[in-house]
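Remarks on the structure that follows.
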Amino acid sequence: MKVPLTVVFLGAPGAGKGTQARVLSGEYGIPHVSTGDILREAIKSKSPLGMEAKKKMDAGELVSDEIVCLIVEERLRRVDCSQGFILDGFPRTIAQAERLAEMLPRLLFPLPMVFHINVGEEELVKRLTGRRSCSVCRQIYNIYGQRPRIEDQCDVCGGKLELREDDKMEVIQERFTEYTNQTEPLIQYYRERGLLFEIDGSKDINSINQDILSVIKSSKVLSN
Ligand code: AMP
């Protein structure tokens, strides 16, 4: 039986976690699980969970560990995750990483490969303020680089492109602070456990994807 592939993307806001997760998800045919996307969907549908998360998200703060851990466990239990999954934006705190470490063996998943996508702060700000995402299919563009063919319109589905509320300059600084205080310690956490792979996130999308693929392929050779 094939061992499921479990992947975590770590990196500051704007590092390209979502973009790489989406590409890898297509390559391996396993779901891209983004807690940010799930929370934004909950807000759109005006569910109680969404209403609770919205205030925190609009302020650039983290939603409670309890809520996101419940969301993730419910998602990983679905049948489409049986061959593995790619986590994007989770875990974001040591408490969440510990919950994940407890959850994975219980759900019969192996330990994850954790990719830290490393990008300098100046470049991150440019990427975030230039980022536009499709309001329908969530495809990501950037007005400074990966522009859509028609302005403000998604190449894939024709949906309207929007600037995320929390990609506005006022909120970005708060998100960086949350990242430094709460999420950055995870780099050391996963390094100590031998699960961390450093990826140079300043390269273009395709080169980063190639770097990630070569790590996965060489680790598969070792585990076979
Ligand atoms: P993202 O799309 O991953 O940048 O997430 C957008 C926002 O959703 C974050 O700024 C948080 O407010 C919230 N969020 C997403 N994932 C988590 C998580 N694992 N823990 C806490 N809050 C989260």
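Pick from D166, D155: which is surrounded by 14 or more Cβ atoms within 10 Å (Cβ to Cβ) and in contact with a Pro (Cβ under 7 Å, 6 or more places away or on another chain)?
The unique qualifying residue is D155.
Can you name the residue in the stretch 101-131 that is of a type in the set (D, E, K, R) and modelled with pLDDT under 95 and is also nearest to A12 (Cα to Cα) among such residues?
Per the stated criteria, the residue is E121.
If a residue has to be crowded, with 17+ Cβ neighbours inside 10 Å and within 15 Å of E165 (Cα to Cα) to count, how many in the stretch 47-67 make the cut?
6
What pairs can you find where one residue is in the stretch 173-184 and under 15 Å from L128 (Cα atoms), the other is at pLDDT 95 or above, and their Cβ atoms are less than 9 Å apart, with a gap of 6+ or different chains?
R175/A12; F176/A12; Y179/G11; Y179/A12; Y179/R92
Six or more apart or on different chains, Cβ atoms under 9 Å: show the pairs whose first residue is in the stretch 147-169 and under 26 Å from K54 (Cβ atoms) and whose second is of a type in the set (F, W, Y) and in a strand (DSSP E or B).
C154/Y141; L161/Y141
Checking the conditions here, which among R191, R175 is basic (K, R), within 13 Å of the ligand (Cβ to nearest atom) and under 19 Å from D88 (Cα atoms)?
R175
Out of everything in the stretch 20-46 that is away from the ligand (no atom under 12 Å from the Cβ) and under 25 Å from E174 (Cβ atoms), what residue ends up being surrounded by the most Cβ atoms within 10 Å (Cβ to Cβ)?
Checked the stretch 20-46; the qualifying residue surrounded by the most Cβ atoms within 10 Å (Cβ to Cβ) is Q20.
Do we find a residue being among the β-branched types (V, I, T), in contact (Cβ under 8 Å) with a residue 40 or more places away in the chain, surrounded by 18 or more Cβ atoms within 10 Å (Cβ to Cβ) and within 12 Å of the ligand (Cβ to nearest atom) anywhere in the stretch 80-92?
Checked against the condition, which is being among the β-branched types (V, I, T), in contact (Cβ under 8 Å) with a residue 40 or more places away in the chain, surrounded by 18 or more Cβ atoms within 10 Å (Cβ to Cβ) and within 12 Å of the ligand (Cβ to nearest atom), the stretch 80-92 yields no hits at all.
Based on what the data block shows, is R99 more than 9 Å from the ligand (Cβ to nearest atom), charged (D, E, K, R), assigned to a strand (DSSP E or B) and surrounded by 14 or more Cβ atoms within 10 Å (Cβ to Cβ)?
Taking the combined requirement at face value, the residue does not satisfy it.
The values are calculated or read from the model by the stated rules, or taken from the named source; none is laboratory data. Not measured: the values here are computed from a predicted model. Neighbour counts are summed over all protein chains in view; Cβ atoms, including those assigned to glycine, are modelled from backbone coordinates with ideal geometry.
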